[in-house]
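Student: Can you keep this structure in mind? I'll have questions shortly.
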Amino acid sequence: MTINDVAITYEVCEHEGFKYEMNTYHLNPTIPLDKQLKILARKDVAPEVAVVMWENGRQVERTYYFPQYQCRCEGNHEGGTT
């Protein structure tokens, strides 16, 4: 990991068919990646976090999923709670 690596959190709803970029964070190379991603996903309540990093001179993107933050709307348009 380098100081230029970033994590991007996303809000996703499969029922409504959207995926919105929420926030971009610079990653700290001295903190384990999985720990940072868990913190960021919890902070933004983001079910998806993309990590953009440089490996061997190439930009690489990896996506991590946090099912505990998935949308639970189930496509409810009847005015009920989510």
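What follows draws every value from the coordinates through simple rules; no lab data is involved. As the structure is a computational prediction, the values presented were derived from the model and not from experiment. Note that we place each Cβ from the backbone using ideal geometry, even for glycine, and neighbour counts take in every protein chain shown.
Student: Would you work out the relative contact order for the chain, in percent, from Cα pairs under 8 angstrom that are 6 or more residues apart? Present the calculation step by step, with values, prior to reporting the outcome.
Tutor: Working: 144 pairs, mean separation 25.8, N = 82.
Contact order relative to length: 31 percent.
Student: If I measure Cβ to Cβ between cysteines in the chain, which ones have no partner under 4.7 Å?
Tutor: Cys73
Student: Measure nothing fancy, just the Cα-based angle from helix 33-44's long axis to the longest principal axis of the chain, in degrees from 0 to 90, nearest 10.
Tutor: Long axis of 33-44 versus the principal axis of the chain: about 40 degrees.
Student: Dipole magnitude of the chain about its Cα centre, charges +1 at Lys/Arg Cβ and -1 at Asp/Glu Cβ only, in debye to the nearest 20? Show your work: numbers first, answer last.
Tutor: On the way: 8 positive and 12 negative charges, 76 e Å.
With Lys and Arg at +1 and Asp and Glu at -1, about 360 debye.
Student: For the pair Phe18 and Val52, what calculated FRET efficiency results from E = 1/(1 + (r/R0)^6), where r is the Cβ-Cβ distance and R0 = 25 Å, to the nearest 0.05?
Tutor: Details: r = 21 Å, r/R0 = 0.84.
With R0 = 25 Å, the Cβ-Cβ based efficiency is 0.75.
Student: Can you check what the Kirkwood hydrodynamic radius comes to for the chain, Cα pairs only, in Å to one decimal?
Tutor: Values: mean 1/r = 0.0729 Å⁻¹.
Averaging 1/r across every pair of different Cα atoms and inverting gives 13.7 Å.
Student: Now for a different question. Can you put Val45, Val60 in order of Cβ neighbours within 10 angstrom, beginning with the fewest?
Tutor: Values: Val45 14, Val60 11.
Taking fewest neighbouring Cβ atoms as first place, the list is Val60, Val45.
Student: Quick one: order Tyr25, Tyr65 by neighbouring beta-carbon count within 10 Å, fewest to most. Provide the component values of the computation, followed by the final result.
Tutor: Numbers: Tyr25 18, Tyr65 13.
Fewest to most other Cβ atoms nearby, the residues stand as Tyr65, Tyr25.
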